[in-house]
1. Springs between alpha-carbon atoms under 10 Å, Gaussian network over chain A: tell me which of A:12, A:102, A:113 tops the mean-square fluctuations.
2. Taking the Cα centre of chain A as origin, work out the dipole magnitude from +1 charges on Lys and Arg Cβ and -1 charges on Asp and Glu Cβ, in debye rounded to 20.
3. Once the principal axes of the Cα atoms of the range A:71-134 are found, what is the range along each, listed largest first in whole angstroms?
4. Given chain B reduced to its alpha-carbon atoms as identical point scatterers, what log10 I(q)/I(0) does the Debye formula return at q = 0.08, 0.14, 0.15 Å⁻¹?
5. What residues have an amide H closer than 5 Å to that of residue A:112, excluding those fewer than 5 places away on the same chain, when H is modeled at 1.01 Å from N in the peptide plane?
6. Give me the distance between the Cα centres of the range A:37-79 and the range A:84-103, rounded to whole Å.
7. For helix B:41-50, report the angle its Cα long axis makes with the longest principal axis of the Cα atoms of chain B; keep it between 0 and 90° and round to the nearest 10°.
8. If amide H atoms are built 1.01 Å from N in the plane of the peptide, which residues on other chains or at least 5 residues away come under 5 Å of the amide H of residue A:85?
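Values in this text are rule-based calculations from the coordinates and carry no lab data. Note that this is a predicted model, so its numbers are computed, not measured. No Cβ is skipped: glycine too gets one built from the backbone with ideal geometry, and neighbour counts run over all protein chains shown.
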Amino acid sequence: MGEPSGPGDGLLSAPLVIEYPFNRTTGPVIGAFLTGLRDGIVTGITGEDGRIICPPVEYDPTSGAPLTTMVPVGSEGEIVSWSWVGAVRDGQILDHPHALALVRLDGADTAMLHVVDAPSADAVRTGARVRIRWAEERSGSITDIAAFELIGADA
Amino acid sequence: MSELWTQPAIDTSAIDGLTDAETIKRVRIPASISYNYIPGLAPTRFLRGLAEKKILGERCQTTGDVYVPPRGVSPIDGLPTVEQVELPHKGTVASFCVVHIGFGVNAPPTPFCSALVLLDGAAVSVYGPVQEVPYDQVRIGMRVEPVWADDDALTTSFENIKWWRPIDEPDVDAESLKGHM
C-alpha cells in the first residue's frame, strides 16, 4: 500500500482494480458486423418492414422474427442527437473533450452511438454531417471506428 | 471447433469486399472497476505493524476477544477496540481447503492448501496458504508459523506473510477451534 493520497491523516490507500474478463461469442449477425468493421465496411440488417437497422440486430425490433439479410451502409451520416463530454473519464476512446452522438449513417434508418471528435460543443448540432475516421489498426471491434468527424463547414 | 451458436444463417451477398476469411466469432470485453482503496484507521494501524513484522490485533472492551485484522470496532458490543495487542507468530490451522484451479497473481502453483490460521490469543482466523508441507498432509489443529518476506521487501501489506509452514508442536484439539473461524 502507498502513503496517503486521500482523505484523513496518515491513512493508507492503494489502487484496487476489479476486472471481469468477459469473452463473449458474437453470434452470426454481430460477428458479421464486427468483421465488416475490421474490413472497413459498416453493415446493417434489413428489418421485416424493409428498414435498414444499423448497427444490425438479430431479431426484428417489432415482430421478433429472426433477421438475416445484411447490407452495406455508408461511412458518412448525420447526427440525430448528441451530448457533450467535457470531462473525460479514464478508459474512454478519446482522451479529450468530445461529443457522444447518435449517428444515422447514409442508407440506414436507425442510429448508432459513437463519439464525434469535434473541436467544441459549439461546433456540434443535430443534423450535422459526419464521416467515419477509421482506426489505423483494426481488429473487429466497435473501436475500429476511431471516431466520427464533422464534414465541411460544420467543422 | 463445435458450433458456437444456433441461429439462422445470414446473407451477406449484398456486401462487396467482406472477407470470407476469419469472421469474428468471439470478442473480449473486459469490464473493470478501478477503486482507490482506503482501509481505514484500524486496518492502517495493522498494515503499518506488518511493515515491522508485527501482527497487531485489537481487543473488545466487553469480551476481551482479540480481532485480527482489526476493524476498529468490536462486532460484539459495537464499541471501539481501544487496546492494541501484539500477537505471537504462532497459530493453528482452524480450517483449510485444497485449491486446484489457479487464480490471482500471487497464488502458489496448484494444487495448494489455503488455510484459516487462528493465531495464539486471537478470536478470529486469518487467511493464508500453507507451504513447506505436502498439501494433502495439512490438517485441522496443525501448528504453523508465518514465513515473512525478506526485510528489505517488507511493505504495508498482508503479503509480507508469504505463507505459513508447520512447526514441531503437538496438534491442538479441534474442539477448541470451534467458533474461531
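1. A:12
2. Values: 10 positive and 21 negative charges, 45 e Å.
Roughly 220 debye for chain A.
3. Computed over the Cα atoms, the extents are 35, 24, 16 Å.
4. For chain B at q = 0.08, 0.14, 0.15 Å⁻¹, log10 I(q)/I(0) is -0.41, -0.84, -0.94.
5. A:103, A:104, A:105
6. 25
7. Between the helix axis and the principal axis of chain B, the angle is about 80 degrees.
8. Those lying under 5 Å, H to H, from residue A:85 are A:98, A:99, A:100.
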